[in-house]
Amino acid sequence: MALKVGTSAKAISRAARKTPAGKSKKSRKFAAAKKSARRRKKSANHPPVAFGHPPPPGEGKRGERGYLTYLLRQAQAATRLRMERALAELGVTPPQFIVLTMLKAYPGLSGADLARVALLTPQTVGVIIRNLERDGAIRKTPHPVHGRVLQWTMTRRGNSLLEKCRRHAKALERRLAAGLGAKTQIIVRRWLSKIATDLQQEG
């Protein structure tokens with residue numbers, strides 16, 4: 001748009017608003033709205049990919065098609081959780097129950113041996129031993145052969161507590177064996193034992 005010489009500043013301002021430069025703000029808004037509409041249309045035609053949830057235990061890779069290592073871990077985690085809930089009624093943790101069981105089965109074990117058979121770290125076993133002694137479940141007594149050697153033994157309270165824990169453990173054992181025949185149970189036990197034996201020897 002051409003302006004005459006001597007045009008006032010007010011007239012220049014009005015003219016500027018009518019020029020393409022003056023309309024740029026409105027044009028930008030229109031372009032943005034048009035672009036937004038295109039995006040909405042594209043989203044409607046191509047919805048975003050929904051990320052699915054993993055299958056529940058027993059299905060897909062968490063079932064028969066899964067890796068044995070993962071399936072063993074999954075089964076162990078489920079068993080441990082069920083045991084934790086059951087023993088919580090007695091104020092006992094699964095590691096404490098394991099230590100009591102091993103002390104009952106193998107009296108006189110050293111801390112290192114106890115940690116090995118209980119599949120726990122020596123530090124964890126040390127804490128558990130102190131707590132069980134504090135609660136009166138175990139105590140130190142002279143070794144029946146080496147009198148100067150002290151060993152951890154179960155007290156009457158400890159034996160009573162262990163028996164209550166075993167009731168829950170046996171109930172869970174029956175649950176695990178449900179649907180398995182005697183021969184199948186033997187096969188499963190041999191297989192699990194062989195895994196532990198072979199891998200430990202290789203390590």
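The values are calculated or read from the model by the stated rules, or taken from the named source; none is laboratory data. Remember, it's a predicted structure, so these values are computed and weren't measured experimentally. For neighbour counting, all protein chains shown are included, and Cβ atoms are generated from backbone atoms with ideal geometry for every residue, glycine included. Remember, those area values only see protein heavy atoms, side chains included, never the ligands or the DNA or RNA. Shrake-Rupley method; radii C 1.70, N 1.55, O 1.52, S 1.80 Å.
Here are the numbers for this structure:
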quantity: Region 62-119, subset among the hydroxyl-bearing types (Ser, Thr, Tyr) and over 27 Å from ARG139 (Cα atoms), residue surrounded by the most Cβ atoms within 10 Å (Cβ to Cβ); calculated: THR79
quantity: Hits in region 141-157 - residues which are at pLDDT below 95 and either surrounded by 12 or more Cβ atoms within 10 Å (Cβ to Cβ) or β-branched (Val, Ile, Thr) (or both); calculated: THR141, PRO142, HIS143, VAL145, VAL149, LEU150, GLN151, TRP152, THR153, MET154, THR155
quantity: Residue in region 166-187 that is over 23 Å from LEU72 (Cα atoms) and open to solvent by 80 Å² or more (accessible area, probe 1.4 Å) present; calculated: yes
